[in-house]
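Student: Mind looking over this structure? Questions follow.
The values are calculated or read from the model by the stated rules, or taken from the named source; none is laboratory data. Note that the structure is a prediction, hence the values are computed from the model and not measured. A quick note on method: Cβ atoms are made from the backbone with ideal geometry, for glycine too, and the neighbour counts reach across all protein chains shown. For accessibility, only protein heavy atoms count, side chains too; no ligands or nucleic acids. Shrake-Rupley method; radii C 1.70, N 1.55, O 1.52, S 1.80 Å.
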Amino acid sequence: MRRIVLGVTGSIAAYKAAELVRLFVKNGDEVHVIMTCAACEFVKPLTFQTLSRNPVQVDQFAAPVSWKPEHISLAECADIVVVSPATANTIAKMRYGIADNLLTATLLATRAPIVIAPAMNDGMWESPVTQDNIEALRSRGVRIIDPANGELACGSTGKGRMMESIDIFNEINSFDFN
């Protein structure tokens, strides 16, 4: 059994993260979900709480479940931290160590392997800034599950569509984290 902390960020692809939770739980993994406030605009925490069978964390300043602050508790308990979907905003924050919400603070504090599955408009994905951020994260050992080509929520077609949940699940299971 793995302890997976799943970060869900503010993208229309957030609905795919619900299926990813279901796949992890079916696999016998223990899943703890952290949502950004923007993610809550797309999918409600109750969805992830029901599927994960664990409380969902959103507010960095909510009273912690134990005496430890949540970002430290979650960072330390994780065997893997997965961010799916990972927006350009969160990717940039990860690169520069900006810890201004519960998810980014947890990412900064964890020693567990980190995997991200980006999701964004093709122009955002292809932006030199985003590509620099991705390369910087790769150089630090963050595993990137590149987005797919396809129809995007904005109506255009291109690279930026988050991979399907089953593909993300299978890719994570293929990684050697040792």
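Student: If the cut-off is a Cα-Cα distance under 14 Å, which aspartates and glutamates reach K16, setting aside same-chain residues fewer than 8 apart in sequence?
Tutor: Reachable aspartates and glutamates: E164, D167.
Student: Convert each backbone phi in region 135-146 into a coupling constant with the Karplus relation 6.51 cos²θ - 1.76 cosθ + 1.60 (shift: θ = phi - 60°), then list the ³J(HN,Hα) values in order as whole Hz, x for Gly and Pro.
Tutor: 5, 5, 5, 4, 5, 9, x, 6, 7, 10, 9, 3
Student: Counting Lys and Arg as +1 and Asp and Glu as -1, what is the net charge of the other residues whose Cβ lies under 11 Å from the Cβ of P85?
Tutor: Net of charged neighbours comes to +2.
Student: Put a dot 7 Å past each Cα toward the Cβ at S127 and A153; how far apart are the dots in nm?
Tutor: Label at A153, label at S127, 1.6 nm between them.
Student: Under a Cβ-Cβ cut-off of 14 Å, what is the net charge of the residues other than G28 that fall near it, where Lys and Arg count +1 and Asp and Glu count -1?
Tutor: Overall, the nearby charge balance is +2.
Student: Okay, next question. Over region 122-178, average the accessible area per residue using a 1.4 Å probe and give it in Å², no decimals.
Tutor: Spelled out: the 1.4 Å probe surface of region 122-178, per residue, equals 56 Å².
Student: Same structure, new question: Compute the Cα gyration tensor for the chain, then decide on rounded, prolate or oblate, letting a ≥ b ≥ c be the square roots of its eigenvalues: rounded whenever a/c is under 1.5, prolate when a/b is larger than b/c in the other cases, and oblate in all that remain.
Tutor: rounded
Student: Output ³J(HN,Hα) for region 36-44: one whole-Hz value per residue in order, computed from phi by the Karplus curve 6.51 cos²θ - 1.76 cosθ + 1.60 with θ = phi - 60°, and x for Gly and Pro.
Tutor: Calculated HN-Hα couplings, in order: 6, 4, 5, 4, 5, 6, 9, 9, 7 Hz.
Student: Can I ask one more? Considering only protein heavy atoms and a probe of 1.4 Å, how much of the accessible area of the chain is carbon and sulfur, as a whole percent?
Tutor: Roughly 53 percent, rounded to a whole number.
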